[in-house]
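Would you mind keeping the following structure in view while I ask a few things?
Nothing in this text is a laboratory measurement; each read-out follows from the coordinates by a stated rule. Since this is a predicted model, take the numbers as computed values, not measurements. Glycine also receives a Cβ, built like all others from the backbone with ideal geometry; neighbour counts cover every protein chain displayed.
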Amino acid sequence: MPFSELALVPSRSTIRWCDAAALVAIAVFAALGTAAGLHLTALADLHRTLGQAAETLDVTAATVAGMADVPFVGDDAGRLAGSIGAAATELRAGAAALDDRLQALGLIAGAAVTAVPVVPLVVLVYAPLRLARSRELRALRRMLAGPPDPALVEHLARSAVHRLPIRLLHRTSRCAWVDLARGHHAPLATAELRRLGVRTPARLAPPPGR
């Protein structure tokens, strides 16, 4: 797997910090997405203003229609009232459509603000790395459950030389390369397992004083 080797490079403490950072990033972008969605959804209040304008037109149409009985004005008043009433109906329909569109736009914008940064960074990169790490550590624990494999112990020791911070490496071995050359792999292998957060089997643990 392409992520397998890379997944074991960070230490257990680094992975914990990365987990926390990933959770914080998801929470932050989810909050930003929610805020953006709510902001756009709030624009849906415009439909209330348009609805009130439609009601005003209805009142106006009714007032103009009441002038239909006035001589020389009746026919024109009726036509004008009909036009105003039609405009009110169209305005009311447009307000309802605007409300639906802004609600949908708010949901889409909120989801986009959340998903665009989170999916590439967390879902496509970090999550596969974490899964690869869990898979590799499970396999390592299974191999350590049986008798110690000298090749595995040496591999862990050499990994420790390359991955342990220098202060921990010096604390583990006075001269790591000499220990490797002499086949003293257990202390370094134990340090690498500790770095990964894997319990060291009793059969592998170095004797006291090493």
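Which peptide among 181-192, 166-177, 26-37 comes first, and what is the full order, when sorted by highest mean count of other Cβ atoms within 10 Å?
181-192, 26-37, 166-177
Here's a follow-up. Efficiency by 1/(1 + (r/R0)^6): what FRET value for Arg135 and Cys175, r their Cβ-Cβ distance, R0 = 25 Å, to the nearest 0.05?
Approximately 0.15, to the nearest 0.05.
Moving on to the next point. For the pair Val116/Arg182, report the inter-label distance in nm, with labels modelled 7 Å from Cα in the Cβ direction.
Spacing of the two 7 Å Cα→Cβ label points: 6.0 nm.
For the stretch 6-11, what does the Karplus curve 6.51 cos²θ - 1.76 cosθ + 1.60, with θ = phi - 60°, yield as ³J(HN,Hα) per residue in whole Hz, taken in order and with x for Gly and Pro?
5, 5, 8, 5, x, 7
Between Rg and the Kirkwood Rh of the stretch 87-210, both from Cα atoms, what is the Rg to Rh ratio?
Radius of gyration over Kirkwood radius for the stretch 87-210 works out to 1.49.
From the backbone phi of the stretch 108-123, what are the Karplus-calculated ³J(HN,Hα) couplings (6.51 cos²θ - 1.76 cosθ + 1.60, θ = phi - 60°) in whole Hz, Gly and Pro given as x?
Here the 3J(HN,Hα) series is 5, 5, x, 5, 5, 4, 6, 7, 4, x, 6, 4, x, 7, 8, 6 Hz.
Evaluated at 20 °C with a viscosity of 1.002 mPa s, what Stokes-Einstein diffusion coefficient in µm²/s does the stretch 147-199 have when Rh comes from the Kirkwood expression over alpha-carbon pairs?
The estimated diffusion coefficient comes to 201 µm²/s.
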